[in-house]
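Values in this text are rule-based calculations from the coordinates and carry no lab data. What you are looking at is a predicted structure, and each value in this text was computed from that prediction instead of being measured. Heads up, the Cβs are rebuilt from the backbone with ideal geometry, glycines too, and the neighbour counts pull from every protein chain shown.
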């Protein structure tokens, strides 16, 4: 997985508001993609639910814009491609650190959250016209967070390892993402499912899934073929497509 992946565009900007916004603009202008866009400083980044993503510099903020040519259901599983790619980056630059994956796409290193992943798409009909995959990795610093949080932010600098440059992390991420995307397209979700489960945090242990109208506690038993979380509960198996997951 070394070297820039063939067929992917590569752009690096000194400063931008949001690489997600840049990717959207390219897609709407007809850019065929796939193209990665990285900014050394991002002033208006955002995370899930519209939360601001603070970037003090020295970290890696990038977005991939691609036209996936797959159903919306299949495209949703690109979140697992993203998580596996970030886990590979973490393992490459901090090979002795404990890396775990928290469903659906959080990457934990030594128990702390080292990255943020966000997917956006547009399109009408059976498949999205384009998808943007935004990924921010904490390299030189981490955003402020609640020290009492279950998964406080962590950076490579906190791990006591040589901190990779944003460009080095960018290149490694693009190569890892292309590797997992190629496997997904060629072999389906099963190899990704197996790779995720091999690194899954709390597999076989109790977790709490908070949905809009209920909270479910059960044993993290599996992922199904659609990437849904499977919990064993006293009422039987529950398959969960989207939820906030906590570890009791």
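Figures for the structure shown
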{"item": "Length added when fully stretched, residue 74-residue 241, from 0.36 nm per residue minus Cα-Cα", "result": "58.8 nm"}
{"item": "Mean Cα-pair separation over length for segment 206-246, i.e. relative contact order, pairs under 8 Å, 6 or more apart, %", "result": "38"}
{"item": "Compactness of segment 9-198 - radius of gyration and Dmax, Cα, Å", "result": "15.7, 48"}
{"item": "Per-pair calculated FRET efficiency, R0 = 35 Å: residue 140 and residue 215 via Cβ, rounded to 0.05", "result": "0.40"}
{"item": "Shape category assigned to segment 84-132 from the gyration tensor of Cα positions, a/c cut at 1.5", "result": "prolate"}
{"item": "Helix-derived mean residue ellipticity, 222 nm - over the chain, DSSP H n ≥ 4, -39500 (n - 2.57), to 500", "result": "-8000 deg cm²/dmol"}
{"item": "Mean Cα-pair separation over length for segment 104-217, i.e. relative contact order, pairs under 8 Å, 6 or more apart, %", "result": "15"}
{"item": "Rounded, prolate or oblate (a/c below 1.5 giving rounded, otherwise prolate when a/b exceeds b/c) for segment 206-246 by Cα gyration tensor", "result": "oblate"}
{"item": "Length-normalised contact order for the chain - Cα pairs under 8 Å, 6+ apart - percent", "result": "17"}
{"item": "Antiparallel bridges, percent of DSSP beta bridges restricted to the chain (to nearest 5)", "result": "85"}
{"item": "Shape category assigned to segment 129-195 from the gyration tensor of Cα positions, a/c cut at 1.5", "result": "prolate"}
